[in-house]
Structure formats: C-alpha cells, structure tokens
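The values are calculated or read from the model by the stated rules, or taken from the named source; none is laboratory data. Computed from a prediction, not measured in an experiment: that's the story for all the values here. Note that each Cβ is placed from the backbone with ideal geometry, even for glycine, and that neighbours are counted across all protein chains shown. When the accessible area is computed, the model is the full protein with side chains, heavy atoms only, and any ligands, DNA or RNA have been set aside. Shrake-Rupley method; radii C 1.70, N 1.55, O 1.52, S 1.80 Å.
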Amino acid sequence: MNFNELVLNRYSVRSYDTKPIEKEKLELVLNAARLAPSAVNFQPYKIFVVQSEEKLNQVRACYHRAWMAKAPVLLVVVGKHGMGWKRTTDSKDHTDIDCAIAIEHMALQAADLGLGTCWVCNFDVEQCSEVLELQTNEEVVAIMPLG
C-alpha cells in the first residue's frame with residue numbers, strides 16, 4: 001500500500017473484536033512510535049501496553065463507552081513533562097506535540113497491518129493517572145485501542 005492509500009484507509013475504529021494481536025504486529029506498532037521524530041529526539045513519553053483483563057477493565061473505566069470494551073489492547077501514551085524540548089523564545093513545552101506524532105505513527109502502522117485504532121482524548125485523566133500510578137510530571141495524553 002502506498003502512503004496515499006494508507007492515509008485514505010486509516011480511520012477511527014469504534015468496533016473491535018477480542019482476537020488477540022500477534023506479538024510481531026504489536027512490536028511493529030510500538031517500533032513506529034520509537035522511530036517517530038520528536039524535538040531534539042528527546043522522546044518525552046512512555047507507552048503503556050495494557051493487555052491483562054484486570055488492567056484493561058481499570059483503564060476502560062476511565063472512559064465509559066461500550067465500543068472500547070472489546071479492544072484486546074489499549075495503548076496509553078503518557079507525556080513526561082520536564083523531559084521534552086522547550087522552545088527558547090517562549091519556553092513552549094513540546095511534549096504534547098511529540099506524543100501526538102508518536103500516536104499518529106502508531107495509528108498509521110496499525111492501519112498498514114490491518115489493525116484498527118482510535119485516538120481517545122476525552123477520558124478521566126486523574127483516574128487513569130491513578131490506575132497507571134503516574135508521577136506528578138507525567139500526564140496521560142491519549143488512550144488508543146488497538147485491534
């Protein structure tokens with residue numbers, strides 16, 4: 001598939017089956033985030049790969065939409081504020097921008113592999129932070145179901 005076809009074929013999926021994702025495909029999706037550009041290559045983020053039923057249910061409870069309940073994997077992208085590059089003229093923190101680039105790289109790689117994704121940004125950030133036991137400088141940027 002060429003890039004234009006990939007972009008045209010990627011869409012926000014809101015219907016998943018429970019079929020597990022092959023380890024090789026998951027690794028390719030995560031590698032796409034690793035290879036994504038970030039300001040000064042600081043990569044100020046971490047990605048939680050949520051697959052256990054207990055943790056899936058805890059993260060799902062942060063976003064009450066039935067369509068996400070069947071996704072076999074949730075990728076939770078967490079920005080690490082204080083680690084991102086800051087523009088010198090106004091100290092703009094580029095952590096969120098770097099996270100967004102990584103998320104979109106993962107979404108495109110997933111689409112290329114025949115997997116569906118969706119950016120979820122309207123969730124209980126505080127609850128999700130507690131579930132993941134985040135530090136004070138860490139912020140959940142998005143939850144991305146994968147399946």
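Give the average over all directions of the projected area of the C-alpha convex hull of region 38-87, one decimal, in nm². Please list the in-between numbers first.
Values: hull surface 18.1 nm².
With every direction weighted equally, the projected area is 4.5 nm².
In this structure the amide hydrogen of V141, modeled in the peptide plane, comes within under 5 Å of the amide hydrogens of V77, V78, G79, none closer than 5 places in sequence on its chain. Protein heavy-atom accessible surface, 1.4 Å probe, per residue over the chain: 55 Å². Measuring r between the beta carbons of L113 and K70 and using R0 = 22 Å, the FRET efficiency lands at 0.75. Using only C-alpha atoms and all pairs of different ones, pull out the Kirkwood radius for the chain in Å with one decimal. The Cα-based Kirkwood calculation yields 15.7 Å.
Taking 25 °C and 0.890 mPa s as the conditions, I'd like the Stokes-Einstein D for region 1-75 in µm²/s, using the Kirkwood hydrodynamic radius from alpha carbon pairs.
D, rounded to a whole number, is 168 µm²/s.
Computed over region 82-145, the Cα gyration tensor eigenvalues convert (square root of 5λ each) into semi-axes of 24, 19, 8 Å, ordered from largest to smallest. Per-residue ellipticity at 222 nm, computed for the chain from helices alone with -39500 (n - 2.57) per DSSP H run of at least four residues, works out to -11000 deg cm²/dmol. In straight-distance terms, cross-link reach from K92 covers every one of the lysines whose alpha-carbon lies under 19 Å from its own, apart from those fewer than eight places away in the same chain; here that gives K80. For the chain, the list of Cys residues with no other Cys C-beta under 4.7 Å reads C99, C118, C121. Potential lengthening of the chain between Q127 and E54 amounts to 24.8 nm, from the contour at 0.36 nm per residue minus the alpha-carbon distance. Scanning the chain for DSSP H helices at least 27 Å long along the axis (C-alpha atoms) with a Kyte-Doolittle mean no lower than -1.0 picks out nothing. In the chain, taking the dipole from charged Cβ atoms about the Cα centre, the farthest positive-side position among V7, C99, V131 is held by V7. DSSP finds beta bridges in the chain, and of those with both partners inside it, around 95 percent are antiparallel.
Just the number, please: carbon plus sulfur as a percent of the accessible area of region 1-138, 1.4 Å probe, no ligands or DNA/RNA counted. Don't skip to the end; give the middle numbers.
On the way: 4060 of 7890 Å².
With neighbouring chains kept in place, the figure for region 1-138 is 51 percent.
So between R87 and L30, what do we pick up on full extension, going 0.36 nm a residue minus the alpha carbon distance?
Numbers: separation 57, 0.36 × 57 = 20.52 nm, distance 2.71 nm.
Result for the pair: 17.8 nm of gain on full extension.
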